[in-house]
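Asker: The structure follows.
The values are calculated or read from the model by the stated rules, or taken from the named source; none is laboratory data. If you're wondering where the values come from, they're calculated on a predicted model, not measured in any experiment. Cβ coordinates were reconstructed from backbone atoms using ideal geometry, including for glycine residues, and neighbour counts include every protein chain displayed. Quick note on the areas: whole protein, heavy atoms, side chains included, nothing else; ligands and nucleic acids left out. Shrake-Rupley method; radii C 1.70, N 1.55, O 1.52, S 1.80 Å.
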Amino acid sequence: MTNPFDLASEAAAKIAELSGIQNHDIALTLGSGWAKAADLIGETVATIDATQIPGFLPPAVHGHVATIRSVKLPSGKYALILGARSHYYEGHGVRQVAHGVRTAAATGAKIMILTNGAGGIKETWKPGTPVLISDHINLTADSPLEGAKFVDLTDLYSSRLRAIARTVDASLDEGVYCQFRGPHYETPAEVQMAKHIGGHIVGMSTALEAIAAREAGMEILGLSLITNLAAGIQKTPLSHEEVIQAGKDAEVRISGLLAEIVSKL
Ligand code: HPA
């Protein structure tokens, strides 16, 4: 099997060839509810079907987008937008999960913005609330790192970038993201466990990607859209349709927020 870093370099070379952009400065992974930010942050220079790029697979989830875009920001910098995320629950392993951020790093990106739709544990968060990720608890019992790589994860979700985000919206709350394996939603007891160990947000992505991004030397900004209150906190059953709908309802507002944050980086 190809070494994951070589595969990421091949992917970056293909992106450079197809987009005509040799270096990107910032990369974004747009999860549920965040996709419209791609249209708002700048001028799209290239839209590439992710499956044309080495190592990328078609998305497993209906409602997710499988494109990679190169966008020129008003500042003249270039952003790489990954619409295609491989989730850990798809079962293709941690290399597949980390491939997007490793590719982003190989294109030159120094800042990785990871977004997702997630469940909220804090009852004051209504569906549609965007939240900054301050830290994470990785409950997958896995790591994207292989071998003796003792990577420091202090300030993994950059306090500098969170402060910049707060200059755009001072009311942005923050919380600790717990990555569960999924694809089932959590039980109410698991949500209570997450709460007791210091979690505020539950989801099925981001933590493993953040670790890989840190290994690659990137500075990370994490944002969750609370699409629902987590199981047992909300009294009604969870559904994927509800999650997608909450994302759609909040999309214009939160994408505008993200675009403004990007303009300050
Ligand atoms: N749990 C896990 N993942 C999610 C949720 C949730 O409640 N909502 C959206 N993604």
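Asker: Hey, in the GNM for the chain with a 10 angstrom Cα cutoff, which one of Gly147, Gly76, Gly100 fluctuates hardest?
Answerer: Gly147
Asker: Once the other residues with Cβ under 14 Å from the Cβ of Arg162 are scored (Lys, Arg +1; Asp, Glu -1), what is the net sum?
Answerer: For residues surrounding Arg162, the net value is -3.
Asker: Total Lys pairs in segment 4-263 closer than 15 Å by alpha-carbon, pairs eight or more apart in sequence or interchain only?
Answerer: Lysine pairs meeting the criterion: 6.
Asker: To the nearest 20 Debye, how big is the dipole of segment 1-145 about its Cα centre, given +1 on the beta carbon of each Lys and Arg and -1 on that of each Asp and Glu? Intermediate values should be presented prior to the final figure.
Answerer: On the way: 11 positive and 11 negative charges, 51 e Å.
Computed about the Cα centre, the dipole is about 240 debye.
Asker: Whose amide H sits under 5 Å from the amide H of Val45, counting only residues 5 or more places off or on another chain, with H placed in the peptide plane?
Answerer: Ser70, Val71, Lys72
Asker: Report, to the nearest whole %, how much of the accessible area of the chain belongs to carbon and sulfur atoms, 1.4 Å probe, protein only.
Answerer: Values: 5960 of 11070 Å².
Carbon and sulfur together cover 54 percent of it.
Asker: Which one, Ala259, Ala207, Ile197, is farthest towards the positive end of the dipole of segment 166-260 when Lys and Arg carry +1 and Asp and Glu -1 on their Cβ?
Answerer: In segment 166-260, that residue is Ile197.
Asker: Would you mind giving the average projected area, over all directions, of the Cα convex hull of the chain in nm² with one decimal?
Answerer: Details: hull surface 50.7 nm².
Its Cα hull, projected and averaged over all orientations, spans 12.7 nm².
Asker: Another question about this same structure. Tell me the per residue accessible area of segment 208-265 using a 1.4 Å probe; a whole number in Å² is fine.
Answerer: 38
Asker: What do you get for GluC sites (Glu not before Pro) in segment 134-191 restricted to DSSP loop and a cutoff of at most 13 other Cβ within 10 Å of the site's Cβ?
Answerer: Glu146
Asker: A further question follows. Keeping all protein chains in position, work out how much accessible area Glu242 exposes to a 1.4 Å probe, and write it in Å² to the nearest 10.
Answerer: Estimated to the nearest 10 Å², Glu242 gives 50 Å².
Asker: Rounded to the nearest 20 Debye, what is the dipole magnitude of the chain about its Cα centre when Lys and Arg each give +1 and Asp and Glu each give -1 at the C-beta?
Answerer: Computed about the Cα centre, the dipole is about 320 debye.
Asker: 5 Å is the cut-off here: which amide hydrogens, built 1.01 Å from N in the peptide plane, fall below it relative to Leu57, excluding neighbours closer than 5 in sequence?
Answerer: Answer set, sorted by chain and number: none.
Asker: Can I ask one more? With point charges of +1 on the Cβ of Lys and Arg and -1 on the Cβ of Asp and Glu, referenced to the Cα centre of the chain, which listed residue (Thr167, Thr115, His136) lies farthest in the positive direction of the dipole?
Answerer: In the chain, that residue is Thr167.
Asker: How big is the charge dipole of segment 89-172 about its Cα centre, in debye rounded to the nearest 20, if each Lys and Arg gets +1 on its Cβ and each Asp and Glu gets -1 on its Cβ?
Answerer: Charge dipole, segment 89-172, about its Cα centre: 260 debye, nearest 20.
Asker: I'd like the distance between the alpha-carbon centres of segment 205-265 and segment 77-124, rounded to an integer number of Å.
Answerer: The distance from the Cα centre of segment 205-265 to that of segment 77-124 comes to 11 Å.
Asker: Using a 7 Å offset from Cα along Cα-Cβ at Val151, what residues in segment 99-115 end up with backbone N under 13 Å from the label point?
Answerer: Answer for this model: 99-106, 112.
Asker: Which of the chymotrypsin sites (Phe, Trp or Tyr not before Pro) found in segment 121-173 are loop residues per DSSP with 16 or fewer other Cβ atoms within 10 Å of their Cβ?
Answerer: Qualifying residues, ordered by number: Phe150.
Asker: Stretch Lys122-Glu241 to full length: gain in nm at 0.36 nm per residue minus the Cα-Cα span?
Answerer: Going from the current span to full extension adds 40.7 nm.
Asker: Counting only DSSP beta bridges with both residues in the chain, what percent are antiparallel, rounded to the nearest 5?
Answerer: So the antiparallel bridges amount to about 35 percent of the total.
Asker: Hey, can you grab everything whose amide H is under 5 Å from the amide H of Gly108? Only 5+ residues off in sequence or another chain; H modelled, so Pro and N-termini drop out.
Answerer: Residues meeting the amide H criterion: His24.
Asker: Go through segment 217-223 residue by residue and turn each phi into a ³J(HN,Hα) via Karplus (6.51, -1.76, 1.60, θ = phi - 60°); whole Hz please, and just put x for glycine and proline.
Answerer: With coefficients 6.51, -1.76 and 1.60, one gets x, 8, 8, 10, 10, x, 9 Hz.
Asker: If I take the Cα coordinates of segment 83-165 and project them onto the principal axes, what are the three extents in Å, biggest first?
Answerer: Taking the Cα atoms of segment 83-165, the three principal extents are 41, 30, 27 Å.
Asker: May I pose another question? Whats the longest run of the chain with zero trypsin sites (Lys or Arg not before Pro) that are DSSP loop and have at most 10 other Cβ atoms within 10 Å?
Answerer: The segment 1-148 is the longest one with no such site.
Asker: Given the DSSP H assignment, sum -39500 (n - 2.57) over each helix run of at least 4 residues in the chain and divide by its residue total; what's the result at 222 nm in deg cm²/dmol, nearest 500?
Answerer: Numbers: 7 runs with 85 residues, N = 265.
Value at 222 nm, helices only, nearest 500: -10000 deg cm²/dmol.
Asker: Continuing with the same structure: What list of whole percents do you get for P(r) of segment 117-265, with Cα-Cα distances grouped in 10 Å bins up to the one holding the largest distance?
Answerer: Spelled out bin by bin, segment 117-265 gives 11, 41, 35, 13, 1 percent.
Asker: What list of ³J(HN,Hα) couplings, whole Hz, do you get for segment 192-197 from phi and the Karplus terms 6.51, -1.76, 1.60, once you set θ to phi - 60° and write x for glycine and proline?
Answerer: After applying 6.51 cos²θ - 1.76 cosθ + 1.60, I find 5, 4, 4, 5, 5, 8 Hz.
Asker: Starting from the Cα-Cα distance between Thr2 and Leu57, subtract it from 0.36 nm times their residue separation and give me the gain in nm to one decimal. Walk me through the numbers before you get to the answer.
Answerer: On the way: separation 55, 0.36 × 55 = 19.80 nm, distance 1.56 nm.
So the extension gain works out to 18.2 nm.
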